[in-house]
Amino acid sequence: MPTDVEDLLRELAPQVLGVLTRRYGDFDAAEDAVQEALLAAAVHWPAEGVPDRPRGWLIQTATRRLIDQRRSERSRMAREDRALLTQPPPADVPDRDDTLVVLFLCCHPALTPASAIALTLRAVGGLSTPEIARAFLVPEPTMAQRISRAKQRIKSSGVPFRLPTADEWTDRLRTVLHVLYLVFNEGYATTAGRDVHRADLCDEAVRLTRMVHRMLPDDPEVAGLLALMLLLDARRPARTGPSGELVPLPEQDRTRWDRALVAEGAAMLAAAIGRGAVGEYQLQASIAAVHDRAARAEDTDWPQILALYELLDRMTGNPVVTLNRAVAAAMVHGPEAGLTLLAHVEERLSGQHRLDAVRAHLLEMAGDTTAAAEHYAAAAALATNLPERHHLSRQVARLRNPPGE
Amino acid sequence: MTRYLLAVDFQPGVVDTPMSEWKREEITAHLDYYETLHDELVASGELVDSTVLTGPDLAKIVSSDGRTAPVVTDGPFQEFKEWIAGFQIVDVESEERAIEIAARVSAVPGPGGVPLQQPIQVRQVMEQAPSDAEEMDGFLAQATGARSSGGDPR
């Protein structure tokens, strides 16, 4: 399928779903019908050309599918369905874009993050179940079940098809942003190697977040999240070595960073900060921006990064943030300062490899290579992902068998 | 979501009677229990894979130095109780959930409807990367390759 047709379809998908759900009330069935209409368009449009009113075409086709579905469930057919059958499929409705309503519905707090992600990618992103299953490395029926259960759950929760009210707004928007962030994570964390399907998730998260930003241009956290994604994604070309291995930040070839993305992310962040309360995503984006500003690793403004991590640590209380803060503290004040900070999170992070890995790193900075090797080895034994385990094992080997001895 | 391998071996649990000596309805109840659990895990969108292996009688052990012909040892083997008999891979929200499923597998009924209590290994499957962008970023920022990170950090 040509890219422009695909882009158009995926832009229109949540709008069409919004129209059908608003009209017929059954989000679950409407979502299935829209998927089928998208499929039909993907077959017909490239061959026959895009219709004059593509949105109207999709609404008509999806409505017909919805009617067909209900006909096949004739035994359960109620009066309202009969009324539906007698109406001609409406061509289109006046410009009303319910994309945001659909997104809020898919990121409903009653759903687990995994189901909200899957449903969002399908209903808002217009991705097919096989595509989503591939991206998350699970069999297609498994993903189909996840999506269908998510829709059932929304149905039974009985939430109305409308935007959240003013007093729900902040919490509900936070959930939406978290889901988008997690989609980005899935792609970002695995762009190493040959896993292109997962890398696509980054693009999809950026596309969806751009869409939300267009609709809520004044929200500083939406802008902060988009800036964060752009600033991290800018490093993608330099993050992976020739054989798919991860290249650590201090060793990345910074000339390969996407400067246009860095500039866009930095500008967006600058505009967002000062527009309202400073949130988590704006702070994370600020940290990414400081790294991205340094032409060489040794030019990194560590005092600035440390100050930002201190703010973020206070705001979130997340022990992983404290680990990153400890590394920054060591870069500014020396390894002892970092090691002191680690004592605060020891209990909460016990049994997790990152604690040992950071401790090993700081001990090595302090010159205690024996203890550093021990902690690298402990971290390798606890690692839950391959690139880190390989990296940690190499650190042990490097410290225990120095070259030329 | 995290993946776990739930593996069962040939250790009998609390019942030592081989299945060939069970009553027919006991075998049916045993198999139905597995099937129900299987269907539940499919419906919950958690089952990634479910595999039952042939027994150690058909197993072979292969070792090789990479140059000469490999050494192949045929079964049956004496000590077979710790051989893997089958496994499931589940993709679940938490380790607690993986343990809950493993407990269901272990409680499969045997003769007289008594739960077999077979020991189930619960093993987290290695991820291909850190679990989220924050961890990944922290890892990338702190990780150094072959190069030593000693010296004056400033």
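The values are calculated or read from the model by the stated rules, or taken from the named source; none is laboratory data. Note that the structure is predicted; figures quoted are calculated from it, not measured. FYI the Cβ positions are ideal-geometry reconstructions off the backbone, even for glycines, and counts take in every protein chain you see.
General observations
- Against the conditions (1) facing chain A (nearest Cβ under 7 Å); (2) at pLDDT 75 or above; (3) exposed (fewer than 15 other Cβ atoms within 10 Å of the Cβ), B:ALA146 satisfies every one except (2).
- Looking only at residues in region A:147-179 that are closer than 27 Å to A:LEU226 by Cβ and within 10 Å of another protein chain (Cβ to nearest Cβ), the one that is surrounded by the most Cβ atoms within 10 Å (Cβ to Cβ) is A:ALA150.
- Residue count for region A:127-141 satisfying the condition of being crowded, with 23+ Cβ neighbours inside 10 Å and over 15 Å from A:GLY187 (Cβ atoms): 1.
- Listed here are the helices (runs of 4 or more DSSP H) enclosed by region A:300-386 that have at least 1 residues being touching a residue at least 60 places away in the same chain (Cβ under 8 Å) and at the interface with chain B (Cβ under 10 Å from one of its Cβ atoms), and there are none.
- Residue count for region A:217-244, restricted to those that are outside any helix (DSSP H, G or I), crowded, with 17+ Cβ neighbours inside 10 Å and among the small types (Gly, Ala, Ser): 1
- Extreme residue, nearest to B:LEU6 (Cα to Cα), among residues of region B:31-45 that are within 11 Å of chain A (Cβ to nearest Cβ) and surrounded by 15 or more Cβ atoms within 10 Å (Cβ to Cβ): B:LEU41
- Options A:ALA297, A:ALA366, A:ALA328; residue that is surrounded by 15 or more Cβ atoms within 10 Å (Cβ to Cβ), under 30 Å from A:ALA267 (Cβ atoms) and touching a Pro at 6+ places or on another chain (Cβ under 8 Å): A:ALA297
- One residue stands out among those in region A:173-228 that are at pLDDT below 85 and of a type in the set (Lys, Arg): the one that is nearest to A:ALA135 (Cα to Cα), which is A:ARG198.
- Unique match (being more than 11 Å from chain B (Cβ to nearest Cβ), in contact (Cβ under 8 Å) with a residue 24 or more places away in the chain and either not hydrophobic (A, V, I, L, M, F, W, C) or not in a loop (DSSP other than H, G, I, E, B) (or both)) among A:LEU127, A:LEU103, A:LEU111: A:LEU103
- Under the condition of being within 30 Å of A:ALA116 (Cα to Cα) and exposed (fewer than 10 other Cβ atoms within 10 Å of the Cβ), the residues counted in region B:69-104 number 1.
- Residues located in region A:267-290, provided they are free of Cβ contacts under 8 Å to residues at least 40 places away in the same chain and more than 24 Å from A:ARG314 (Cβ to Cβ): A:ALA267
- Which listed residue is in the same structural domain as A:ASP32 (by TED's automatic domain parsing) and either at pLDDT 90 or above or more than 17 Å from A:LEU208 (Cβ to Cβ) (or both), from A:PRO90, A:PRO130, A:PRO109: A:PRO90
- Out of B:VAL48, B:VAL52, B:VAL15, sole residue that is within 14 Å of another protein chain (Cβ to nearest Cβ), surrounded by 10 or more Cβ atoms within 10 Å (Cβ to Cβ) and not charged (D, E, K, R): B:VAL48
- Selection within region B:1-58 - under 30 Å from A:ASN185 (Cβ atoms), assigned to a helix (DSSP H, G or I) and of a type in the set (Gly, Ala, Ser): B:ALA43
- Region A:1-36: number of residues that are closer than 19 Å to A:VAL101 by Cβ and either among the acidic types (Asp, Glu) or in a helix (DSSP H, G or I) (or both): 25
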